[in-house]
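Below is one structure; the comments refer to it alone.
Just so you know, all these numbers are worked out from the coordinates, no wet-lab data involved. This one's a predicted model, so the numbers in the text were calculated from it and none came from an experiment. All Cβ positions, even for glycine, are placed from backbone atoms using ideal geometry, and neighbour counts span all protein chains on display.
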Amino acid sequence: MQILIAPDKFRGSLDALQVCEAVEKGILMAIPSARVIKTPLADGGEGTAEILTLSQGGRFANVRVQDPLGRETEASYGVSGDGSTAYIELASASGLRLLATDERNPLLTTTFGTGQLIAHALDQGIENLILGIGGSATTDAGIGLAAALGYRFLDQDENELPPIGENLIRIAKIDDRFVHPCLANCRITVACDVTNPLYGPTGAACVYGPQKGADPQMVELLDQGLKSFAQIANLHFGKNVDLMPGAGAAGGVGAGAVWFLNARLQEGVKIVMDQLRLPEIVKNVDLVITGEGKADEQTLSGKVVQGLASLCREADVPLALLCGTLEITPQQAKDAGIIYATSVLNRPMDLATAQQEAYERVVETAYYLANLLRNFRS
């Protein structure tokens, strides 16, 4: 029997590789002869660069960059084994996790550090770049990362403006005469799992600004700035992308990536699965086991489980789901193509206990699943 283990992380307790190892241990307790393939997954957000780098036999590059408030810090990105592809997460240099709660202010934060990572990768001769844009601390429409790549943003008197959120509304001109010479030769794909436009009631500032520290007045100023800047950028680049799905991702980096990087936006989980060649692997196994910390309606919308379910349905391979919290109904599981879904918790317990015991609970649950399968097939 060939079994593919392809989970997401259990946030706060196990990373995706640890989940793989726990599931494998349980399976082999029940079916010692099983051939297990372990492929940790991510949906384009946190952990994606590490998973893709390790899967490609790659290495990590450490770079001194600016954090969201312009302070020096160290960030990293991955490079594939053949040196042709870079895997960068915006959160590494420009993430909300880098700021204390009282430092969060999207009027003042910038994605400049992410642009420094991109520039460093271009200097190494990178030909393909995959950029994950989850977890940002910014609402700058990507002008920060663009500035690090040589773009300049000028006011009506042609004074250069710092590339931060509050200056979006003051930008009157984009100067691209000094853009990094290798940028045009690099194929850039952005992992983007949201569909928000750049501005408006469902845009970057209104929906995501508050979690980045914006009060109502800041949200209004940022929304006006995004709309104003979109008019300048659309005219400069000849691309009207401000209302396209995903333009508002990561404080407008979705739109900025299309304008400044000539990038294409793609569903994160699809990028990961294609890079790991999951479509081919799934066709040759008898069972796929996936998992994540909490399975709910979001699980079935653009996440790892939903992506795997689609692959399994096409290949006519059964899919089982193990999770910490199970909040999908049997009908939802059936509609998604999941034949078996269960929580790994074996008794009522608080969150701290559940996280502490996660590895053992996953091992046990995988054992019972595999033992059921073994007896069913015998």
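Assuming 0.692 mPa s and 37 °C, estimate D for the chain with Stokes-Einstein, Rh taken as the Kirkwood radius over Cα pairs, in µm²/s.
Numbers: Rh = 21.6 Å.
Result for D is 152 µm²/s.
Quick one: if the Förster radius is 30 Å, what FRET efficiency do LYS239 and ALA315 give, using the C-beta to C-beta distance and rounding to 0.05?
Values: r = 37 Å, r/R0 = 1.24.
Efficiency, rounded to the nearest 0.05: 0.20.
Based on DSSP H assignment, which helices of the chain show an axial Cα extent of at least 20 Å together with a mean Kyte-Doolittle hydropathy greater than or equal to 1.0? List each step's numbers first, then the result.
Working: long enough: 16-30 (22 Å, 1.03); 216-237 (31 Å, 0.19); 358-377 (28 Å, -0.21).
In the chain, the long hydrophobic H runs are 16-30.
Using alpha carbons only, how many angstrom separate the centre of region 270-340 from the centre of region 1-76?
17 Å
In region 48-268, if the dipole is taken from +1 on Lys/Arg beta carbons and -1 on Asp/Glu beta carbons about the Cα centre, which of GLY238, SER136, LEU161 is farthest to the positive end?
Projecting each Cα onto the dipole axis, the largest value belongs to GLY238.
Please give, to one decimal in nm, the separation of the simple spin-label points placed at THR325 and ASP157, each 7 Å out from Cα toward the Cβ.
Label-label distance for THR325 and ASP157, simple model: 5.3 nm.
In 5 Å bins starting at zero, report the fraction of Cα pairs in region 48-268 per bin as a rounded %.
The distribution over region 48-268 is 1, 8, 17, 21, 22, 16, 9, 4, 1, 0, 0, given as percents.
Hey, rough spin-label estimate for GLU280 and TYR340, points 7 angstrom out along Cα→Cβ, what's it come to in nanometres?
Rounded to a tenth, the inter-label distance reads 2.8 nm.
Among bridges DSSP assigns within the chain, what percent are antiparallel (round to 5)?
Values: 16 of 48 bridges.
Rounded to the nearest five, the antiparallel share is 35 percent.
In straight Cα distance, which lysines are under 24 Å from LYS334, not counting same-chain residues fewer than 8 positions off?
LYS9, LYS270, LYS283, LYS294, LYS303
Starting from the 7 Å offset along Cα-to-Cβ, what nm value, one decimal, do you get for the label separation of LEU372 and SER301?
2.8 nm
I'd like the FRET efficiency for THR202 and GLN224, computed as 1/(1 + (r/R0)^6) with the beta carbon distance as r and R0 of 22 Å, rounded to 0.05.
Values: r = 16 Å, r/R0 = 0.71.
Efficiency at R0 = 22 Å is approximately 0.90.
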